[in-house]
Amino acid sequence: MLISFYILAALAVGGALSVVLFRSPVYCALSLVATFLCLAGIYVLLNSEFVAAIQVLIYAGAIMVLFLFVIMLLNLRSDKPLRHSWTWPKLLGIGFAVAIIFQLIGIFHSPAARMGPAGKYSTEYLQQKGAVEVVGEVLFTEYVLPFEIISILLMVAVVGAVILAKRREPASTEQTP
Amino acid sequence: MIPVSHVLTLSAILFGIGVAGVILRRNAIVVFMCIELMLNAVNLGFVAFASGMQSMVGVMFVFFVLIVAAAEAVVGLSIILAIFRNSGTLNIEEFNLLRW
């Protein structure tokens, strides 16, 4: 189990690095899909089958298909290769990212970071009741108000996308009877 | 049982790679993909804590983060479409209309 976690983690990091390093946006999108699928495998290893399913359906399915549609609609050229333009702001950016990684790892491994008491949703409980059933039970009792609010957010996003992506007609055509 | 600290380390590495992509890349769509990568790294941290603490709160947060990410992707991509229609480029160094 630990071995498969390490394999999936290495594949995910490789996919994430190729998102940053590939020149063509289409290759970037496809390696991001590979990263999302590896993360879905890690969610299965962490006993969260529901999260793995929605990760594959929504992220790797819906969102990345939307990205690919937009890339193909815009007919983009590839970027210039990154390594031909090493300027000091880019080196500073890489140093900033590495600093963030080491700071986060330091926080997660510091002795002050302890986890609280364990809840009641143990692996045996989830396997006995069914993981999806437990998620639905919690979502529709304790978290039902955020659930309803987030549906309004989705509707606002749909309306906003339609208005932003709509082609503007000239105002004069609307005036003519 | 996978140790929680290992998963959190992976989450930190993915988040840092996303930050590096946002800083280094010039293409607006790739910058957007790196933001999605950072959101995924945070999701991985939530799932690791939910599994380690045997709690359901992390899974709920992942659900809401995912919906917010979907809404953000839809609105952001249509903004990118509108910008491309107006200026004909996606290079973020040329979007300097609001620069002081």
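Every residue in segment A:93-107 that is at the interface with chain B (Cβ under 7 Å from one of its Cβ atoms) and either among the aromatic types (Phe, Trp, Tyr) or under 21 Å from the mean Cα position of the chain (by Cα) (or both), please. Spell out the reasoning first.
Narrowing segment A:93-107 to residues at the interface with chain B (Cβ under 7 Å from one of its Cβ atoms): A:93-94, A:96-98, A:100-101, A:104-105.
Correct list: A:PHE96, A:ALA97, A:VAL98, A:ILE100, A:ILE101, A:LEU104, A:ILE105.
Taking the condition part of a helix (DSSP H, G or I) and either surrounded by fewer than 19 Cβ atoms within 10 Å (Cβ to Cβ) or assigned by TED's automatic domain parsing to the domain that holds A:VAL132 (or both), does A:VAL19 pass?
Criteria not met by A:VAL19.
If B:SER87 meets every condition in (1) buried (at least 23 other Cβ atoms within 10 Å of the Cβ); (2) under 30 Å from A:PRO89 (Cβ atoms) apart from one, which number is that one?
The one condition B:SER87 does not meet is (1).
Applying the selection to segment B:7-17, what residues are facing chain A (nearest Cβ under 7 Å) and without any contact (Cβ under 8 Å) to a residue 40 or more places away in the chain?
B:THR9, B:LEU10, B:ALA12, B:ILE13, B:LEU14, B:PHE15, B:GLY16, B:ILE17
Kindly provide the set of residues from segment A:124-138 that are touching a residue at least 60 places away in the same chain (Cβ under 8 Å) and surrounded by 13 or more Cβ atoms within 10 Å (Cβ to Cβ), ordered by number.
A:LEU126, A:ALA131, A:VAL135 - these are the residues of segment A:124-138 that are touching a residue at least 60 places away in the same chain (Cβ under 8 Å) and surrounded by 13 or more Cβ atoms within 10 Å (Cβ to Cβ).
Residues to consider are A:ALA40, A:ALA29, A:ALA62; find the one that is modelled with pLDDT of 90 or more, out of contact with any Phe, Trp or Tyr (no Cβ under 9 Å at 6 or more places or on another chain) and of a type outside the set (Val, Ile, Thr).
Going through A:ALA40, A:ALA29, A:ALA62 in turn, just one is modelled with pLDDT of 90 or more, out of contact with any Phe, Trp or Tyr (no Cβ under 9 Å at 6 or more places or on another chain) and of a type outside the set (Val, Ile, Thr): A:ALA62.
Go through A:TYR143, A:TYR121 for me and flag whichever is modelled with pLDDT under 90, farther than 28 Å from B:ALA28 by Cβ and at the interface with another protein chain (Cβ under 7 Å from one of its Cβ atoms).
Values: A:TYR143 fails: modelled with pLDDT under 90.
Going through A:TYR143, A:TYR121 in turn, the sole match is A:TYR121.
Can you say whether B:GLY45 is out of contact with any Ser or Thr (no Cβ under 9 Å at 6 or more places or on another chain) and closer than 19 Å to A:LEU32 by Cα, as far as the supplied structure shows?
no
Within segment A:104-123, track down each residue that is within 15 Å of B:GLY58 (Cα to Cα) and among the small types (Gly, Ala, Ser).
Passing the criteria: A:GLY116, A:ALA118, A:GLY119, A:SER122.
Identify the residue in segment B:68-88 that is small (Gly, Ala, Ser) and in contact (Cβ under 8 Å) with a residue 40 or more places away in the chain and, among all such residues, is farthest from the other protein chains (Cβ to nearest Cβ).
B:GLY76
The values are calculated or read from the model by the stated rules, or taken from the named source; none is laboratory data. Given the structure is predicted, the values throughout are model-derived calculations rather than measurements. Neighbour counts are summed over all protein chains in view; Cβ atoms, including those assigned to glycine, are modelled from backbone coordinates with ideal geometry.
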